[in-house]
Amino acid sequence: MKLLHFSDIHFGLEDPRAIAWAADCVAREKPDAVVITGDHTMRARRREFAAAVRWISALPAPVTVGVGNHDLPYFNLLERFLDPYRRFKGIEALVERKLDLGDLVIVPLKTTARAQPRFNWSKGWISETALDHALAEIDALPEHARVLVASHHPLVETGTRGTALTRHGHRALEELAKRSKVLGVLSGHVHDPFDLTAQTDFGPVRMIGAGTLSKRLRSTPPSFNELIIDGRTITVRARNLEEVATIDMLIDDVPENALPPRLPGEPVATVGHVPEIDPPVH
Ligand SMILES: [Fe+2]
Ligand SMILES: [Fe+2]
């Protein structure tokens with residue numbers, strides 16, 4: 001089974017060459033599904049959502065989408081508080097959020113919030129309701145099912161230049177680790193691809209992140225991930241416009257004792273590549 005994983009297209013500041021290339025890859029390669037892990041727009045403007053709807057509608061493959069922090073109203077605070085996902089629902093109406101591909105199911109996990117008790121609301125937040133909803137979806141599936149969880153923010157830090165600082169992410173990771181159906185978590189937000197295994201007290205969880213197809217670049221060119229799934233094995237390849245090696249994806253062996261940069265209260269993840277960390281620019 002082949003999936004193409006796109007993220008952070010940010011219509012309004014999309015890279016036209018990158019999205020034309022990505023759409024062309026879908027048309028030529030006919031993947032079993034396309035997973036888009038949020039930040040469809042730049043500022044949740046109506047014209048940005050309209051462009052996203054046009055582009056996604058034209059993809060000749062089943063598509064599942066998740067909501068990113070940029071998809072909540074930015075300028076209209078009243079709407080942000082009263083009906084934060086109204087504009088996003090225009091995209092959601094086009095596709096299934098939970099995508100059932102036989103015995104592989106993509107289950108969304110919402111990591112955005114209309115408000116947070118901290119200054120930066122762009123960071124990840126997993127409410128109890130959102131986690132319970134995703135876990136209930138997983139638990140309702142038959143024992144032989146394989147699950148990929150799709151969230152916008154990585155659940156824990158991944159050593160990329162951008163940060164997610166997802167609150168309650170470690171708890172979510174532990175709950176997912178307890179469930180053998182879960183093959184991994186697909187995310188975006190940090191605009192650079194990554195592929196690592198996070199360790200929890202309940203076992204490891206594979207975390208896979210796609211880069212961006214926008215002009216908001218961090219360390220790597222515009223890219224998306226190709227996932228080949230064979231049984232419980234996932235082979236990930238970050239594919240970029242420039243056909244240059246993507247340094248974050250070049251680590252094929254992770255030392256057992258590798259440690260990422262760690263903030264107080266943040267869980268420990270095992271990563272293979274720890275790039276220089278700059279102040280977050282998201
Ligand atoms: Fe983004
Ligand atoms: Fe984001």
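The values are calculated or read from the model by the stated rules, or taken from the named source; none is laboratory data. Not measured: the values here are computed from a predicted model. In this analysis, Cβ positions are derived from the backbone assuming ideal geometry, glycine residues included, and neighbour counts consider all displayed protein chains. What goes into the accessible areas is simple: the full protein's heavy atoms, side chains included, and nothing from ligands, DNA or RNA. Shrake-Rupley method; radii C 1.70, N 1.55, O 1.52, S 1.80 Å.
Has the range 135-155 got any residue that is within 16 Å of ligand 1 (Cβ to nearest atom) and at positive phi? The answer is no, given that none of the residues of the range 135-155 is within 16 Å of ligand 1 (Cβ to nearest atom) and at positive phi.
Note on the range 209-230: residues that are hydrophobic (A, V, I, L, M, F, W, C) and away from ligand 2 (no atom under 16 Å from the Cβ) total 3.
From the list 161, 146, 171, the one residue that fits, being open to solvent by 50 Å² or more (accessible area, probe 1.4 Å), among the basic types (Lys, Arg) and more than 16 Å from ligand 2 (Cβ to nearest atom), is 171.
Please go through the range 123-143 and pick out each residue that is aliphatic (A, V, I, L, M) and open to solvent by less than 30 Å² (accessible area, probe 1.4 Å). Listed by number, the residues that qualify are 126, 130, 131, 134, 135, 138, 141. Can you tell me how many residues within the range 1-56 are free of Cβ contacts under 8 Å to residues at least 40 places away in the same chain, more than 22 Å from residue 84 (Cα to Cα), part of a helix (DSSP H, G or I) and not aliphatic (A, V, I, L, M)? Within the range 1-56, residues that are free of Cβ contacts under 8 Å to residues at least 40 places away in the same chain, more than 22 Å from residue 84 (Cα to Cα), part of a helix (DSSP H, G or I) and not aliphatic (A, V, I, L, M) number 4. Please tell me if residue 180 is touching a Gly at 6+ places or on another chain (Cβ under 9 Å), hydroxyl-bearing (Ser, Thr, Tyr) and away from ligand 1 (no atom under 16 Å from the Cβ). Yes; evaluated as a whole, the condition is true for this residue.
Tell me, yes or no, whether the range 99-117 has at least one residue that is surrounded by fewer than 17 Cβ atoms within 10 Å (Cβ to Cβ) and either within 16 Å of ligand 1 (Cβ to nearest atom) or assigned to a helix (DSSP H, G or I) (or both).
No.
Could we say that residue 129 is part of a loop (DSSP other than H, G, I, E, B) and at pLDDT 85 or above here? Considered against the rule, which asks whether it is part of a loop (DSSP other than H, G, I, E, B) and at pLDDT 85 or above, residue 129 comes out as no. Annotation: of all residues in the range 202-259 being small (Gly, Ala, Ser) and open to solvent by 30 Å² or more (accessible area, probe 1.4 Å), the one that is modelled with the lowest pLDDT is 245.
With respect to (1) within 16 Å of ligand 2 (Cβ to nearest atom); (2) open to solvent by 20 Å² or more (accessible area, probe 1.4 Å), the lone exception for residue 185 is condition (2).
Tell me which of these residue 51 doesn't satisfy, since it passes every other one: (1) under 19 Å from the mean Cα position of the chain (by Cα); (2) at negative phi; (3) surrounded by 15 or more Cβ atoms within 10 Å (Cβ to Cβ). Unmet for residue 51, out of (1) under 19 Å from the mean Cα position of the chain (by Cα); (2) at negative phi; (3) surrounded by 15 or more Cβ atoms within 10 Å (Cβ to Cβ): (1).
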